[in-house]
Structure formats: C-alpha cells, structure tokens
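Accompanying notes for the structure given below.
Every number here is computed from the coordinates shown, using simple stated rules; none is lab data. What you see is a predicted model; the values in this text were computed from it and never measured. Backbone-built Cβ (ideal geometry, glycine too); neighbour counts: all protein chains shown.
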Amino acid sequence: MSATFTKLSSSQRISLRMENVAQYETVIGDEGEIITRERRYAVYLRGVIGRAASRNRMPLTVRNISAHGLKGECAYPPRAHDLVEIDLPGVGTITGHVRWGDGCAIGIAFDGPVDPTLAFTRNRPGVRRSGLLSAH
C-alpha cells in the first residue's frame with residue numbers, strides 16, 4: 001500500500017487548521033447556567049485600530065480573541081456600530097463593527113471569520129522562536 005501526499009498552499013493549511021480547531025467551549029455564567037460559546041483565547045497583543053473611512057490610527061491592546069471577534073482596549077475607542085479596521089501581527093488587517101464599549105474597553109465583531117491562532121508566534125509561517133524556554 002502506498003500513500004500519496006499533496007503539498008498544500010498556505011491558504012489551504014489555514015482553512016484546514018480552522019476546521020480542526022475546537023471552535024466552542026462550555027463555561028458557567030454569572031447565574032450558574034451552562035453556556036456554550038465560541039472559544040476565546042486570552043492574549044496580550046498590540047495592534048492598531050481606526051475607523052474604516054479614516055486614516056487616523058491608534059494603538060490597540062487585545063485582551064481576548066476568537067474567530068469572530070475580540071475584546072480590546074484603546075485610549076479613544078470608536079463608538080458602538082462604527083466600522084473599524086484592525087491590524088494585528090500575524091493575522092493582518094481585519095474589518096469589523098464595534099458591538100459595545102465600556103470606557104476604554106471595546107468589543108468588536110469581525111465581518112468574517114479569522115484564524116485567531118495566527119496571532120500566536122508559534123503558528124506564524126516563517127517566524128522562528130528563540131531557544132529560550134519559559135520558567136513556568
């Protein structure tokens with residue numbers, strides 16, 4: 001028996017990775033109810049955000065990210081329902097709408113799904129990790 005292997009393009013690998021990643025998690029809500037929601041990754045990412053029609057950009061700190069949205073912080077957050085563009089290392093430019101705001105914190109729903117694991121250095125094509133190990 002012989003096996004045949006086909007070389008995949010990077011976009012094909014990304015779509016395969018998206019299909020293989022567990023997209024949902026179960027958590028317990030404030031009232032003790034069980035909630036199934038999209039998997040969120042707790043992160044600390046530095047990116048850039050701006051309204052889609054504007055050239056003005058400002059720093060954005062991303063606190064968690066999923067395939068369809070993120071929670072972030074910025075000094076002057078856009079208003080709810082504003083169309084925004086976000087540039088994240090490893091992920092690229094993403095468009096979305098601001099869903100909510102609370103002071104400097106904002107929630108953004110992406111216009112289309114992204115692979116949130118691309119934000120992690122270990123999953124970026126062509127990025128080498130240092131040989132240092134974590135002390136944890």
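Scanning segment 91-107 for residues that are assigned to a strand (DSSP E or B), among the β-branched types (Val, Ile, Thr) and surrounded by 18 or more Cβ atoms within 10 Å (Cβ to Cβ) yields a count of 3. Residues that are free of Cβ contacts under 8 Å to residues at least 60 places away in the same chain, touching an Asp or Glu at 6+ places or on another chain (Cβ under 7 Å) and over 26 Å from Glu25 (Cβ atoms): does segment 51-74 have at least one? Yes; the residues of segment 51-74 include at least one that is free of Cβ contacts under 8 Å to residues at least 60 places away in the same chain, touching an Asp or Glu at 6+ places or on another chain (Cβ under 7 Å) and over 26 Å from Glu25 (Cβ atoms).
Taking segment 108-124 as the range and being more than 18 Å from His68 (Cβ to Cβ) and either over 15 Å from the mean Cα position of the chain (by Cα) or assigned to a loop (DSSP other than H, G, I, E, B) (or both) as the test, only Arg124 passes.
Do we find a residue being of a type in the set (Gly, Ala, Ser), assigned to a loop (DSSP other than H, G, I, E, B) and surrounded by 15 or more Cβ atoms within 10 Å (Cβ to Cβ) anywhere in segment 68-89? No, the conditions are met nowhere in segment 68-89.
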